[in-house]
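Following: one structure in structure tokens, then a few remarks.
The values are calculated or read from the model by the stated rules, or taken from the named source; none is laboratory data. It should be emphasised that the depicted structure is a prediction, and the values quoted were computed from it without experimental measurement. All Cβ positions, glycine included, derive from the backbone under ideal geometry; neighbour counts span all protein chains shown. Just the protein is used for accessible areas: all its heavy atoms, side chains included, with ligands, DNA and RNA removed. Shrake-Rupley method; radii C 1.70, N 1.55, O 1.52, S 1.80 Å.
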Amino acid sequence: MRQITVTEHLLLHQKQEPMATGRLTRLLNELILSAKIISREVNKAGLVNVLGNTGEINTQGEEVQRLDEFANSVIIHRMQRTGMLCAMASEEQDGLIDIPERFPKDEYFLVFDPLDGSSNIDANVSIGTIFSIYKTKYDLQGQVELSQLLQKGSEQVAAGYFIYGSSTMMVYTTGRGVDGFTLDPGVGEFLLSNPNIQIPEQGNLYSVNEAYWHYWDSLTQRAVSIFKDPNSDLGKLYSLRYIGSLVADFHRNLLYGGIFMYPIDYRDPKKPKGKLRLMCECAPLAMVVEQAGGLATDGKNRILDLEPNELHQRTPLFIGSKNDVLKVQEIFEQGS
Ligand code: P6P
């Protein structure tokens with residue numbers, strides 16, 4: 001079968017969009033180049049002493065790994081030159097990333113997590129880049145304000161991730177289904193490998209860090225317990241799979257079926273809404289999973305309906321196969 005490259009796929013989709021101007025295609029192509037550069041470094045990380053901590057602390061108070069910094073700077077460097085963006089925001093940086101005056105601007109806003117799961121870099125566990133693209137609604141003359149950019153996930157025009165694992169893959173959606181591409185390092189192209197991904201309606205995997213059991217409220221404990229109760233009405237036995245790398249856990253569940261949960265826990269009073277960030281992690285993955293037939297909630301509310309009030313707003317996350325997420329929602333609704 002003739003292999004379709006992601007660039008061809010983007011152009012095909014662009015032709016099918018009557019209003020398409022090619023700007024989003026240009027933006028995604030630049031992101032793809034960034035991911036190829038990051039993939040090259042991730043895949044040789046163990047060899048060129050790129051590993052190890054810089055000793056710096058990022059906006060989330062986490063140790064910044066050299067590859068984190070590298071990925072962040074590659075994306076910023078390449079994307080600011082596209083002329084398609086009015087601003088960017090990175091999980092690694094506190095505030096907005098402005099586009100320098102010397103570059104043209106346009107109406108798109110890119111939010112990204114440059115290298116999620118980076119604490120696993122030294123152990124060669126799969127890690128990923130998550131991206132989310134919005135169109136701004138305001139005439140952006142001059143300095144863009146954050147308030148003009150904070151939009152709920154349902155407003156995304158594109159979202160997806162790159163996963164750097166046994167192979168490097170890109171999974172993305174522009175609202176017309178979800179497709180997966182695998183990088184052929186020999187030719188340096190992402191080739192269509194998983195067309196029209198559909199997540200199984202019910203899985204048999206649940207992903208959660210059970211070490212936090214005693215920091216969860218009783219409803220959360222009940223929601224997690226359902227997946228290991230042989231007498232539950234889920235009707236099947238589940239396995240626990242948790243890598244501690246969101247993109248890797250999400251990607252496996254997307255393909256095999258299952259639910260990933262990162263509930264609110266009461267360990268850290270500074271994180272009353274849980275650990276994961278709404279705009280650069282949860283909303284893009286929620287768009288992907290919904291386009292693949294799954295669901296994503298904060299336990300009660302659809303992730304894509306949550307209105308962000310701040311850039312690094314956190315949210316609890318229950319995401320994956322429709323029936324599994326609905327089961328959790330049923331438990332939370334019973335308890336409210
Ligand atoms: P915990 C990685 O730091 C990350 O943000 C996600 O990739 C991952 O799902 C989560 O944190 C793991 O968190 O608390 O289980 O170690």
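A few comments on the model shown:
- Among the candidates 303, 226, 264, the residue that is farther than 27 Å from residue 156 by Cβ and modelled with pLDDT of 95 or more is uniquely 226.
- Identity of the residue in the range 266-303, charged (D, E, K, R) and open to solvent by less than 10 Å² (accessible area, probe 1.4 Å), that ends up farthest from the chain's Cα centre (by Cα): 277
- Matching entry among 127, 163, 121 (being within 16 Å of the ligand (Cβ to nearest atom), more than 27 Å from residue 295 (Cβ to Cβ) and touching a residue at least 60 places away in the same chain (Cβ under 8 Å)): 121
Conditions tested, residue by residue: (1) among the aromatic types (Phe, Trp, Tyr); (2) in contact (Cβ under 8 Å) with a residue 12 or more places away in the chain.
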{"site": "183", "(1), (2)": "no, yes"}
{"site": "188", "(1), (2)": "no, yes"}
{"site": "201", "(1), (2)": "no, yes"}
{"site": "213", "(1), (2)": "yes, no"}
{"site": "222", "(1), (2)": "no, yes"}
{"site": "231", "(1), (2)": "no, no"}
{"site": "239", "(1), (2)": "no, yes"}
{"site": "259", "(1), (2)": "no, yes"}
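- Residues within the range 18-34 that are in contact (Cβ under 8 Å) with a residue 12 or more places away in the chain and either surrounded by fewer than 14 Cβ atoms within 10 Å (Cβ to Cβ) or not hydroxyl-bearing (Ser, Thr, Tyr) (or both), tallied: 10
- Which numbered condition residue 268 fails, given (1) farther than 30 Å from residue 122 by Cβ; (2) within 16 Å of the ligand (Cβ to nearest atom): (1)
- Of everything listed in (1) out of contact with any helix residue (DSSP H, G or I) (no Cβ under 6 Å at 6 or more places or on another chain); (2) open to solvent by less than 40 Å² (accessible area, probe 1.4 Å); (3) within 26 Å of residue 3 (Cβ to Cβ), the single unmet condition for residue 163 is (1).
- Considering each residue of the range 88-102 in turn, at least one proves to be open to solvent by less than 40 Å² (accessible area, probe 1.4 Å), within 16 Å of the ligand (Cβ to nearest atom) and assigned to a strand (DSSP E or B).
- Residue ID - farthest from residue 115 (Cα to Cα), chosen from residues in the range 239-262 that are open to solvent by 20 Å² or more (accessible area, probe 1.4 Å) and more than 16 Å from the ligand (Cβ to nearest atom): 239
- Members of the range 130-151 found to be away from the ligand (no atom under 16 Å from the Cβ), touching a residue at least 40 places away in the same chain (Cβ under 8 Å) and either in contact with a helix residue (DSSP H, G or I) (Cβ under 6 Å, 6 or more places away or on another chain) or hydroxyl-bearing (Ser, Thr, Tyr) (or both), listed by number: 136
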